[in-house]
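Take a look at the structure below.
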Amino acid sequence: MISTAPGIDIQRVERSRLQETDLEHLKFGRVFTDHMFVMDHTDGAWQRPRIMPYADLELSPATMVLHYAQTIFEGMKAYRNGDGGVSLFRPQANIARMNRSAKRMCMPHIPEDLFLQGLKELARLDANWLPDGPDAALYIRPFMYASDEYIGVKPSGDYRFMIFMCPVRGYYQEPLRVYLEMKYSRAFPGGTGEVKCGGNYAAGLYPTKLRQDQGYHQQVWTDAMEHKYIEESGTMNVFFIINGVLTTPSLDGTILPGITRDSILTLARERGLPVEERKVSVEEVVAGLHNGKVTAAFGAGTAATIAPIKVIGHDGTDHELPDLGADSEVNLIGKMLDDIRRGRVEDKHGWVVRVA
Ligand code: COI
């Protein structure tokens, strides 16, 4: 879509907070760069966007998002290249997914070129916040919320779209312990499972807390109708190696179509690995854990990257999985993905967008 936007007004911070920030010891999502992007949708149209110093929001208690959760978001990253430059990874895929979320949640379409321009300008402006190191990135959080001051239930008239960034290292610090969830549900057919709206995450908090109290990092959601088929984990898509085949649940409307998921599948197929996207039953996975047919499992997401799963709990029993091993196909794919993101190998897919 062609944007009619005239450009972005940029107001820089008078003094950067970078000097007083410890980029070596970062808590994921707790540290924010100097600037943020803001664009309001009022009177039925997007208003002139601006980049301004990162700051708190002032909201009326009646702001609609606070009541009915009409809010969507994305998660993406900017990476440092070998030559010191900065790149975004598949931003067009995040932009397209955010607009699918917007449609499902009755929110306005964001012009793609303006969205990309905002991402690039912001990443360029705060590029010096990008930490060094193998897991380091700028985690970018675009989001949109219902900004009308009204307490009736209807789509908001006005919206605010924003982007801010966090310097980050890893999301998970250790191999994961997950539990196959057979009681609570994250999503159901016809619901919002395949879009990235705040409510999906809110609904998962209580069941996740129950599992975390039992020593697991996350649960693995199963389908809401029968709790028979595996769907995804709280912050990630899930993959298994079953009989040597890289296997992941197919996207059936209740699973978030992860961009890391898609990138892994693409690279695996190119490497000639057997790959299956299909229904994966709890029964099959539990049997495979017993008889050794399931030899590995991992989660994949922007924040989590590739997160090895060490334990799968089910029905009161913990099933241990062996370490992936540095030269396992999964880790080789992870390395290839990282090499592409950081410009160390040719980007044959056109996934990388250079910003600085
Ligand atoms: C991401 O991986 O970017 C996510 O959105 C997960 C998150 C809620 C941290």
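The values are calculated or read from the model by the stated rules, or taken from the named source; none is laboratory data. Just so we're clear, the structure is a prediction, and the values are computed from it rather than from any experiment. Reconstructed Cβ throughout: ideal geometry from the backbone, glycine too, with neighbour counts over all protein chains shown. These accessible areas exclude ligands, DNA and RNA; they are computed on the full protein's heavy atoms, side chains included. Shrake-Rupley method; radii C 1.70, N 1.55, O 1.52, S 1.80 Å.
Taken as a whole, the condition of being among the small types (G, A, S), open to solvent by 20 Å² or more (accessible area, probe 1.4 Å) and more than 20 Å from the chain's Cα centre (by Cα) applies to G157. Filtering the range 178-206 to residues that are open to solvent by less than 60 Å² (accessible area, probe 1.4 Å), more than 11 Å from the ligand (Cβ to nearest atom), not in a loop (DSSP other than H, G, I, E, B) and not hydrophobic (A, V, I, L, M, F, W, C) leaves Y179, G199. Could you look through the range 117-154, keep only residues that are of a type in the set (D, E) and open to solvent by 60 Å² or more (accessible area, probe 1.4 Å), and pick out the one that is nearest to the ligand (Cβ to nearest atom)? Selected residue: D135.
Just to be sure I understand, how many residues within the range 21-45 are more than 16 Å from the ligand (Cβ to nearest atom), touching a residue at least 24 places away in the same chain (Cβ under 8 Å) and either in a strand (DSSP E or B) or basic (K, R) (or both)? Of the residues in the range 21-45, 8 are more than 16 Å from the ligand (Cβ to nearest atom), touching a residue at least 24 places away in the same chain (Cβ under 8 Å) and either in a strand (DSSP E or B) or basic (K, R) (or both). Strands (runs of 3 or more DSSP E) fully within the range 49-88 that include at least 1 residues being within 21 Å of L337 (Cβ to Cβ) and within 16 Å of the ligand (Cβ to nearest atom): 76-80. Against the condition touching a residue at least 12 places away in the same chain (Cβ under 8 Å), under 19 Å from the mean Cα position of the chain (by Cα), more than 30 Å from Y54 (Cβ to Cβ) and away from the ligand (no atom under 13 Å from the Cβ), how does L265 come out, does it pass? Here the answer is yes, as L265 does meet what is asked.
Just one of the numbered conditions (1) over 22 Å from T192 (Cα atoms); (2) open to solvent by 40 Å² or more (accessible area, probe 1.4 Å); (3) in a loop (DSSP other than H, G, I, E, B) is not true of E276: (3). Which residues, counting only those in the range 233-257, are open to solvent by less than 10 Å² (accessible area, probe 1.4 Å) and among the small types (G, A, S)? S233, the sole residue that qualifies. Per the conditions (1) over 18 Å from the mean Cα position of the chain (by Cα); (2) open to solvent by less than 10 Å² (accessible area, probe 1.4 Å); (3) aliphatic (A, V, I, L, M), the sole criterion not satisfied by A78 is (1).
Checked against the criterion of being of a type in the set (S, T, Y), closer than 26 Å to F28 by Cα and open to solvent by 20 Å² or more (accessible area, probe 1.4 Å), the range 53-63 has at least one qualifying residue.
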